[in-house]
Structures are given as C-alpha cells and as structure tokens.
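Here's the structure we're looking at; comments come further down.
The values are calculated or read from the model by the stated rules, or taken from the named source; none is laboratory data. Worth saying up front: this structure is predicted, and the values here are computed from it rather than measured. With ideal geometry, Cβ positions are generated from the backbone for all residues, glycine too; neighbour counts draw on all protein chains shown.
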C-alpha cells in the first residue's frame, strides 16, 4: 500500500456531519492489527471538499512513569466509522463506536 493509499483509507463516508461529531464524548471498543483499545474519549472530526470525513477518537492513557500521561489519536477507517452510533446513555457519552 502506498503512502497516499494509507492516508486515504482514513477519509471516510459517514452518516454524521462534522458539526454533529466534533468535540463530542465517545465510548469506544476498537481493535486493529492485534491492538485492542477500550475506553472513553473525545471525537475530533474534519471534512474535506468532497465531503469525506476524517474522524479521530482522542483519549489519554497513563505513561510509563508516575504522573506521565500520553495523548492518543485513533483515526477511524471506513469499517470503524460504520459502527459509529448515538450512545444509548447520554450520561456516559454522546456516541459509541466499535460495538460498545
């Protein structure tokens, strides 16, 4: 896969608009290439002129030393974006992704 194809796979078609997603709370359970992540975070969404979206799930994890925190961004591919739904419990999050 070329670098361009690699980047392009993270621009997706989504039923949600940027304005509906951006800066909203999300609960997630995602897996890719043997890496499994689960938790809560925030969505960052961008739109380009052809209306495709880049959707990032942003979350913080503990670092390797005390008081170290790591900011993470997980870009959703099309299959993951297709699982993005309104969360059934708005007290927990606005959206759920990955079959939470």
For residue 96, state whether it is touching a residue at least 40 places away in the same chain (Cβ under 8 Å) and out of contact with any helix residue (DSSP H, G or I) (no Cβ under 6 Å at 6 or more places or on another chain). yes
Restricting the search to segment 87-100, which residues are loosely packed, with under 13 Cβ neighbours inside 10 Å and either outside any loop (DSSP other than H, G, I, E, B) or in contact with a strand residue (DSSP E or B) (Cβ under 7 Å, 6 or more places away or on another chain) (or both)? 99
Is it the case that segment 71-86 has a residue that's in contact with a strand residue (DSSP E or B) (Cβ under 7 Å, 6 or more places away or on another chain), more than 18 Å from residue 14 (Cβ to Cβ) and either modelled with pLDDT of 95 or more or in a strand (DSSP E or B) (or both)? yes
Give the residue that is farthest from the chain's Cα centre (by Cα), with candidates limited to residues of segment 10-60 that are part of a loop (DSSP other than H, G, I, E, B), in contact (Cβ under 8 Å) with a residue 40 or more places away in the chain and surrounded by 13 or more Cβ atoms within 10 Å (Cβ to Cβ). 52
Condition (residue is surrounded by 13 or more Cβ atoms within 10 Å (Cβ to Cβ) and in contact with a helix residue (DSSP H, G or I) (Cβ under 9 Å, 6 or more places away or on another chain)) applied to segment 62-72: is it met by at least one residue? no
